[in-house]
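Trainee: Following this message is one structure expressed as structure tokens.
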């Protein structure tokens with residue numbers, strides 16, 4: 001009985017606290033993401049005469065040769081602006097700009113102010129868009145498709161990340177999934193219980209770029225007896241049958 005995996009350990013969104021969650025509560029727990037070292041930013045600048053800003057915009061947006069054979073992730077890597085170890089990006093004609101700890105909206109304003117101060121007038125109608133070059137994360141451990149993934153959307157919650165990584169098999173520990181997250185002062189490990197619906201109010205419900213998601217295997221896997229009662233019974237009966245057969249053979253010798 002102990003070797004079987006209980007049904008409650010395999011079910012998401014269990015209402016353990018008996019309190020309903022609301023969309024309003026979920027939104028309140030999420031703070032705007034602030035750019036960190038090694039992030040890649042996509043910056044697009046528009047003015048009335050686009051020829052004046054060709055130097056700023058990615059090669060692939062103009063139909064360059066690289067976008068024919070490259071994936072979206074590869075183009076983002078080559079054409080994007082990487083945040084270096086000093087928290088800066090290097091923008092043509094504008095030089096190095098510190099972006100560490102800023103939101104994408106704040107970076108848009110910083111670049112727009114620099115353009116208006118050095119390159120354009122207000123009549124040029126400068127419009128700046130700054131986005132993260134995809135949500136890149138790594139999933140490992142007891143998961144269907146381990147590896148590094150990139151999803152091209154603004155926000156990705158933990159369940160979406162897992163679904164895009166092949167889901168967690170029945171032998172994975174849903175009650176203690178680890179998120180290893182990068183911070184300016186270093187990395188921290190956070191523990192999530194995916195079986196509890198209260199996780200939707202957690203500040204770690206939405207993943208961040210460069211997160212590492214690690215799923216522990218349940219101890220039942222190391223025992224090798226099976227994940228269900230039927231599998232365990234079959235294993236036990238098979239072992240018992242081998243022992244009896246061995247005993248009978250030895251007894252006849």
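Trainee: I need the peptides 182-188, 158-164 ranked by packing, meaning the mean over residues of other C-beta atoms within 10 angstrom, with the highest value on top.
Mentor: 158-164, 182-188
Trainee: Points 7 angstrom from Cα along the Cβ direction at residue 250 and residue 183: gap in nanometres?
Mentor: 5.8
Trainee: Right, next: For the ranges 101-107, 170-176, what's the packing order if you count other beta-carbon atoms within 10 Å of each residue, average per peptide, and put the highest first?
Mentor: 170-176, 101-107
Trainee: Between residue 13 and residue 198, 0.36 nm times their residue separation minus their Cα-Cα distance comes to what?
Mentor: In short, 65.8 nm is gained.
Trainee: Multiply the residue gap between residue 138 and residue 37 by 0.36 nm, knock off their C-alpha separation, and tell me the result in nm, one decimal place.
Mentor: Here the segment from residue 138 to residue 37 would lengthen by 34.7 nm.
The numbers here are math on the coordinates, done by the rules we state, and not lab data. It should be emphasised that the depicted structure is a prediction, and the values quoted were computed from it without experimental measurement. In this analysis, Cβ positions are derived from the backbone assuming ideal geometry, glycine residues included, and neighbour counts consider all displayed protein chains.
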